[in-house]
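**Student:** Take this structure, written in C-alpha cells, and hold onto it; I'll ask about it next.
Since every read-out is calculated from the coordinates, none of them should be taken as a lab result. All figures in this text were calculated on a predicted structure; none of them were measured in a lab. So basically every Cβ, Gly included, is an ideal-geometry build from the backbone, and we count neighbours across all protein chains shown.
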Amino acid sequence: MDFPSLHLAYAAGAAIATFIGAWIAFPLAQREERTSLPPQWRITTAVLAAAAGAPLGWVLTQSWALPAYLLLAIAGVLLAAIDVRHHLLPNRLVGPFLVCAVALLLLATLASGSWTSLFLGLAGGAGLFAIYLVLALIKPGGIGMGDVKLAAAIGLYAGYLGISVWAYVLLGAFLLNVLASIVLLLMRKISLRSETAFGPSMVAAAVLAPLLS
C-alpha cells in the first residue's frame, strides 16, 4: 500500500472506530439526571467523534499512541457535550478517562520504547492541572474544578507530544474559548454575563495538538 493510501485507510478506520465508540459510550451520560443528554445528541456526538478521529488517524498512522488519542476523541466529545448542556464535568467520567489514557499511553510506550514522551506526558498533566487549579482558586466561578481535573488528562495528551505542543494546548484552549464566546455573542445565544463551558475548548485544543506536532 502506498503512503497516501495507508494514511487514508487509517483515517477511515479511525473515523469508524470513534463513531462506534462514541455511540456505545453515549449511555454513560444517561446514568445520572444531572449529566443526561437529549437522545438526538447521540448521533451528533458520534459524528463529532468521527470528525475528530479521522485526522488523528491520518496524522498518527502506524503510531502505537493512536488508540489513546482515539479515546480522547470519544471521551472528549462526550464530556464536552455534557459540559455544554449542564456546565458540569463529572468525576465518574473524568477519572476513568484519565486512568485509561495513562494506561493506553503506557502500553504505547512499552511498544515503542519512547519513555521520554511518557514522562513529558505525565509532567504535562501535572503541570496543566496545577495551572488550572491556581486559576480556579484565583477566580472562583470562572474555571471550575471539573475543568481542573480534565486539565490533567488534556495536559497528559499534550505533553506526550512535546513541550511546544503542550504550550500550544495551554494557550489554544483559552483562545478557542474566547472565539467561541464571541461567536455565541454575535449569534445572541449568550449575554456578556453568561458563562460558557470551558471543557469543549480544552478538548478541541487537545484534539488539534497532534496536527501541530
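**Student:** According to a simple spin-label model (label point 7 Å from Cα along Cα-to-Cβ), what is the distance in nm between Gln62 and Ile182?
**Tutor:** Reported label-point gap for Ile182 and Gln62 is 4.1 nm.
**Student:** Something else now. Could you please state, rounded to a whole Å, how far the C-alpha centre of the range 114-173 is from the C-alpha centre of the range 25-69?
**Tutor:** The range 114-173 and the range 25-69 have Cα centres spaced 21 Å from each other.
**Student:** I need the fraction of alpha carbon pairs in the range 16-137 separated by more than 22 Å, rounded to a whole percent.
**Tutor:** 41
**Student:** Determine, from the Cβ-Cβ distance of Ala51 and Leu212 and an R0 of 22 Å, the FRET efficiency 1/(1 + (r/R0)^6), rounded to the nearest 0.05.
**Tutor:** Efficiency, from the Cβ-Cβ distance: 0.80.
**Student:** Students often check this: by mean Cβ neighbours within 10 Å, which of 36-45, 166-175, 104-113, 182-191 ranks highest, and how do the rest follow?
**Tutor:** 166-175, 104-113, 36-45, 182-191
**Student:** Next up: Return the distance in nm (one decimal) between the two label points of a simple spin-label model at Leu175 and Arg85, each offset 7 Å from Cα along Cα→Cβ.
**Tutor:** Taking the simple label geometry, Leu175 and Arg85 are separated by 3.1 nm.
**Student:** Pull out the extension gain between Thr44 and Arg31, defined as 0.36 nm times the separation in residues minus the alpha carbon to alpha carbon distance; nm, one decimal.
**Tutor:** 2.8 nm
**Student:** Of the labelled options [x] 16.7, 55; [y] 33.2, 109; [z] 20.1, 82, which one gives Rg and Dmax of the Cα atoms in Å as computed for this structure?
**Tutor:** Answer label, from the structure shown: [x].
**Student:** Relative to the first principal axis of the alpha-carbon coordinates of the chain, what is the inclination of helix 3-25, with its axis defined by its Cα atoms, in degrees from 0 to 90 and to the nearest 10?
**Tutor:** On a 0 to 90 degree scale, this one is about 40.
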